[in-house]
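Following: one structure in structure tokens, then a few remarks.
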Amino acid sequence: MAEIAQTVLDNIRYQPTVLPEVLAGRSAFVDPFVELVQEHDIKKVIFFGSGTSYNVSQIAAYYFKHIVGMAAEAQYPTVFKHYEKPDWTGLVPNKQILMVGISQSGTSVSTCEVMQYGRELGCRTLAITGDLESEITHHVDRSVHLLVGEELTPPETKGYTVSVLSVYLWALGVARARGAMTADEHAAAIAEAEDFVNDFQSIIDESEAWYERNKASIAHSDRLYVIGYGVDYGSMLEGMLKVGEMFRVPTIGYELEEYSHGPTMALRDNQTLFMIGSDEAEFERMLVFREAYLRYTPRVHVITCKDLADADDRDLVFTHKVNKYLAPLAYTVPFQFVAAKGARDIFIDTNVNPFKEPLAHYASDDE
């Protein structure tokens, strides 16, 4: 019997299985991370990655600033190597700066190179990767396992949510070790995460149902906009990436406020806006913008874990309510369905990468 090929939709639907496994196995990647941070009295963390891994880096930096209270930033690897310094003030020595490379395959050229550059600068370096024998492991002080399993399709879906959960657990671990979180607070945060990932099937089901009831409108849009803010700036980036690489309709992402500063001049009634809303300062502002945009296009969709009094079938209001730090795990799923099922509905095979040039990964990459 021929082996059945893995599909993007398979990986999307596997997330309710893999996320609880990641949480249960967290000591494998959290303990080494916390030990390195504590052993070297790390004062700053810089997260690196490309594509999906960069989007995770944005969220990771937010976690470390807001949960741990530690200086943190996300950087594109090549931009950092050529134009940045670990610390421009000169107040934090490089040996107290941790550079973290996020690479599911472990073969990203730019991330491997910036990790080697970090070692040469005297920074501490760590990689999280799905392959502990991959290229990136040769360029860092320590490697930890991204517990995602195989993802044989070109666009990463479960790899994104596993990575976001992993960096969230890192932040909780460091916050507990540094005294930014009490033992009771840490236990409560883990319990909330466990409850959420154990109910992740509801996120899958509600996201797919939302896509099905809106697919005709979405598929016949000539442009898609993804709008996010706060911790969900990274969610916006991932939504834009997933839809762009699979559905292949022009897709543009903006921070909530920034979209109102000019891009609205191009808004037409055959364009779709997805607005990602977390429980942060800009939520009410988002609803003001939503009301205004509906005057120009009926294709405005709010995706949120918060209650929305005037929600209709265009909106996705998840039944499972969760804090803003965990919400990004949910918010990417509807975009995964727009990307994967939308592509299928217009006869695009997402298992085939039409771009054949090996620019981003080392030649040994199987993707």
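The values are calculated or read from the model by the stated rules, or taken from the named source; none is laboratory data. Note that the structure is predicted; figures quoted are calculated from it, not measured. Please note: Cβ atoms are built from the backbone with ideal geometry, for glycine as well, and neighbour counts cover all protein chains shown. Note: accessible area is taken over every heavy atom of the protein model, side chains too, but ligands, DNA and RNA are not part of it. Shrake-Rupley method; radii C 1.70, N 1.55, O 1.52, S 1.80 Å.
Over the chain, with the other protein chains present, what is the accessible area per residue in square angstrom, probe 1.4 angstrom? I get 42 Å² per residue for this part. Out of Gln201, Gly262, Val322, whose Cα points farthest toward the positive end of the dipole of the chain (charges: +1 Lys, Arg; -1 Asp, Glu; placed on Cβ)? Positive-most Cα among the choices belongs to Gly262. Taking the Cα centre of region 158-211 as origin and assigning +1 to Lys and Arg Cβ atoms and -1 to Asp and Glu Cβ atoms, the resulting dipole is close to 440 debye. Using the average count of surrounding beta-carbon atoms within 10 Å as a protection proxy, the listed peptides 294-302, 323-331, 265-273, 172-180 rank, highest first, as 323-331, 172-180, 294-302, 265-273.
Considering only DSSP beta bridges with both partners in the chain, what is the antiparallel share in %, to the nearest 5? Each step should come with its number before you reach the end.
On the way: 1 of 37 bridges.
The antiparallel fraction comes to roughly 5 percent.
Helix 327-345 axis versus longest C-alpha principal axis of the chain: approximately 60°, rounded to the nearest ten. Split the accessible area of region 211-286 by element, probe 1.4 Å, and carbon with sulfur accounts for 51%.
For the pair region 74-89 and region 164-242, the centres of their Cα atoms are 27 angstrom apart. Applying the criteria of a DSSP loop state and at most 15 other Cβ atoms within 10 Å to the chymotrypsin sites (Phe, Trp or Tyr not before Pro) of region 1-77 yields no site.
Dipole check for the chain: with +1 at the C-beta of Lys and Arg, -1 at the C-beta of Asp and Glu, and the Cα centre as origin, the magnitude is about 760 Debye. Looking at Tyr76, Ala311, Ala183, which one has the Cα that reaches farthest to the positive end of the dipole of the chain (charges on Cβ: Lys, Arg +1; Asp, Glu -1)? Value computed over the given set: Tyr76.
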